[in-house]
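Written out below as structure tokens is the structure these notes cover.
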Amino acid sequence: MTGLIDIHTHYVPNGWPDLRADAGPDAPWLRAETESEAMIMMGDKEFRRIGADCWNAETRLLDMDADGVRTQVVSPTPAFFNYGRTGEQAGRIARIFNDLALEIVAPAPDRLIPFCQVPLQDTDAACRELERCLAAGHRGVEIGNHVGDQDLDSAGVETFLQHCASLGVPVFVHPWDMADSPRLDRWMARWLTAMPAETHLSILALVLGGVFDRIDASLKICFAHGGGSFAFWLGRMENAWHRRNDVIGTSEFPPSHYLDRFHVDSVVFDERALRLLVDTLGAERVMVGSDYPYPLGERPVGEVVRKSGFLSETERQLITSGNAERFLFTS
């Protein structure tokens with residue numbers, strides 16, 4: 001089959017049951033503006049304006065056809081993770097959104113692949129919801145890059161990742177809940193600086209936290225936004241591991257040893273950045289992602305990959321579809 005596989009897109013349902021009695025007055029809800037526009041609300045605060053491309057399969061498919069996209073992975077919008085609530089509350093909310101996600105993708109099950117969300121703050125509940133969703137038709141799971149002050153090397157998250165590995169479930173890690181500082185209030189700085197840093201920290205936690213040493217190597221895990229700033233600073237991490245091993249030497253090997261343990265998406269918007277990813281991780285570890293349908297995403301999808309002259313046709317095929325086919329469909 002021809003066409004791109006887009007590993008990184010999001011959905012928002014066109015409304016959901018009132019969550020305020022369960023999750024409090026700041027619970028998310030959708031304020032309809034028109035038939036094709038709405039505002040995500042967090043209590044009484046406006047969060048993000050969205051359109052029908054968030055919930056309407058026909059709209060998504062038209063955009064996919066225009067961009068040459070064969071298949072989309074459709075993942076939750078991280079604002080709805082609810083990791084700050086109790087595990088029981090987050091579990092009930094996850095079930096609502098996961099079931100609504102299946103309704104969104106139902107018109108095109110061969111082209112729209114749903115990833116679920118789980119109450120990651122409660123490991124047992126997260127594993128149960130994952131299994132329920134897999135039985136219902138979800139293919140994988142999207143998780144946030146941290147739960148409160150706990151990174152991906154926390155015991156509970158590691159247990160969940162090991163469970164994903166045992167089930168052969170692909171995991172997509174998306175940054176969320178970035179640092180709150182007035183210095184980040186200008187220029188969308190949380191998205192331009194804090195978001196890449198969060199993803200970098202997530203990969204660092206799996207490496208230096210020793211998770212990749214302990215967890216099954218079959219784990220399929222991909223990081224959004226090109227892995228954040230990780231590729232650029234790999235040399236700095238490598239140098240620190242060798243020179244200050246007494247401080248950061250909790251991993252069995254230096255950071256460069258673990259580059260074959262994870263994937264990243266390609267949504268870096270610049271050929272020079274894509275070249276760095278390919279040079280650092282290898283073409284077999286990069287997959288097309290767009291962040292569709294949000295304004296900071298890439299349109300046309302995969303444009304940088306298509307136009308990057310340094311890629312061989314074999315490398316381009318791996319990045320546009322081959323790697324994702326293995327990530328999504330092989331055990």
field: Descending semi-axes in Å of segment 213-331, equivalent ellipsoid built from Cα gyration tensor
entry: 27, 17, 13
message: Quick check: the distance between the Cα centres of segment 81-100 and segment 1-49, to the nearest angstrom?
response: 14
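With viscosity set to 0.692 mPa s and temperature to 37 °C, compute the Stokes-Einstein D of segment 124-192, Rh being the Kirkwood radius across alpha carbon pairs; µm²/s, no decimals.
Value of D from the Cα-based Kirkwood radius: 238 µm²/s.
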query: If you place +1 on the Cβ of every Lys and Arg, -1 on the Cβ of every Asp and Glu, and leave all else neutral, what size is the dipole of segment 148-239 about its Cα centre, to the nearest 20 Debye?
result: 300
- line: Computed over segment 277-321, the convex hull of the Cα set has an average projected area, in nm², of 3.2
Of Val211, Val69, Val304, farthest towards positive along the dipole that unit charges on Lys, Arg, Asp, Glu beta carbons give the chain: Val304
- prompt: Within segment 1-103, which GluC sites (Glu not before Pro) sit in a loop by DSSP and count at most 12 neighbouring Cβ atoms inside 10 Å?
  reply: Glu33, Glu35
field: Unit charges at the beta carbon, dipole of segment 182-331: most positive-side option, Tyr292, Val278, Thr320
entry: Tyr292
task: With +1 on each Lys and Arg Cβ and -1 on each Asp and Glu Cβ, and nothing else charged, work out how big the dipole of the chain is about its Cα centre, in Debye to the nearest 20.
output: 420
- prompt: Only one of the listed values, [x] 29, 24, 20; [y] 44, 27, 14; [z] 43, 24, 17, was derived from the coordinates as semi-axes √(5λ) of the Cα gyration tensor in Å; which label is it?
  reply: [x]
- prompt: With charges set only on the Cβ (+1 for Lys and Arg, -1 for Asp and Glu), what does the dipole of segment 177-331 come to about its Cα centre, in debye to the nearest 20?
  reply: 240
query: Based on the Cβ-Cβ distance from Trp233 to Gln317, what FRET efficiency comes out when R0 is 25 Å, to the nearest 0.05?
result: 0.30
- prompt: Longest segment of the chain with no trypsin sites (Lys or Arg not before Pro) in a DSSP loop having at most 15 other Cβ atoms within 10 Å?
  reply: 1-185
- prompt: At what distance in angstrom do the alpha carbon centres of segment 287-331 and segment 120-197 lie from each other?
  reply: 22
- prompt: What distance in nm separates the simple spin-label points at Asp149 and Glu33, each placed 7 Å from Cα in the Cβ direction?
  reply: 3.9
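The numbers here are math on the coordinates, done by the rules we state, and not lab data. Because the structure is a prediction, the values reported are computed rather than measured. All Cβ positions, glycine included, derive from the backbone under ideal geometry; neighbour counts span all protein chains shown.
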